[in-house]
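Novice: Below is one structure. I have some questions about it.
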Amino acid sequence: EARLIHTARRPHYGLERMTHEEIIEQGIVEQYVLNRLSSADRQAFQEHFFECDDCFAQAQTTTRFVSGVRHASATGAFAPVEAQKAAAGFWNPGWWRPALAVSFAACLLLVVAVVWLSLSRA
């Protein structure tokens with residue numbers, strides 16, 4: 001895990017402080033929500049987080065998004081592609097379009113042959 005680059009010291013905590021630019025450039029909000037920060041980086045982000053309305057709002061939005069995706073995945077709302085194809089069955093246009101085109105071409109050829117034979121006998 002890469003260590004974050006901090007800019008200023010916080011003497012009462014002894015921790016380095018993150019800048020807003022670092023947080024945006026390094027995707028710190030997402031790492032924070034996914035619990036992928038070290039404890040020192042987490043604490044440094046939290047110091048900024050409670051002072052910055054933008055980062056606070058982004059963290060809340062990201063938390064809701066991740067929670068929604070996890071819930072949808074757990075409840076089966078995201079069916080695997082294979083399950084969707086199996087559920088579509090016969091009506092899945094992926095397999096019958098070529099078969100339909102070949103059948104249509106064969107029928108058209110048969111009609112042309114019948115009409116040509118009937119005109120040639122007349």
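The values are calculated or read from the model by the stated rules, or taken from the named source; none is laboratory data. Being a predicted model, the structure only gives us computed values, none of them experimental. Here the Cβ is made from the backbone with ideal geometry for all residues, glycine too, and neighbour counts use every protein chain on show.
Novice: Given the options 77, 87, 72, 57, name the one that is of a type in the set (Gly, Ala, Ser) and at pLDDT 90 or above.
Specialist: Numbers: 77 fails: at pLDDT 90 or above; 87 fails: at pLDDT 90 or above; 72 fails: at pLDDT 90 or above.
Residue meeting the stated conditions: 57.
Novice: Are any of the residues in the stretch 47-56 within 23 Å of the chain's Cα centre (by Cα), surrounded by 16 or more Cβ atoms within 10 Å (Cβ to Cβ) and part of a helix (DSSP H, G or I)?
Specialist: yes
Novice: Then there is this: Do any residues in the stretch 95-109 that are at pLDDT 90 or above have Cβ atoms under 6 Å from those of residues that are in a helix (DSSP H, G or I) and surrounded by 11 or more Cβ atoms within 10 Å (Cβ to Cβ), where the two are at least six apart or on different chains, and which pairs are they?
Specialist: none
Novice: OK, next. Which ones in the stretch 26-42 are outside any loop (DSSP other than H, G, I, E, B) and buried (at least 18 other Cβ atoms within 10 Å of the Cβ)?
Specialist: Filtering the stretch 26-42 for residues outside any loop (DSSP other than H, G, I, E, B) gives 28-33, 39-42.
Matches in the stretch 26-42: 28, 29, 31, 32, 33, 41.
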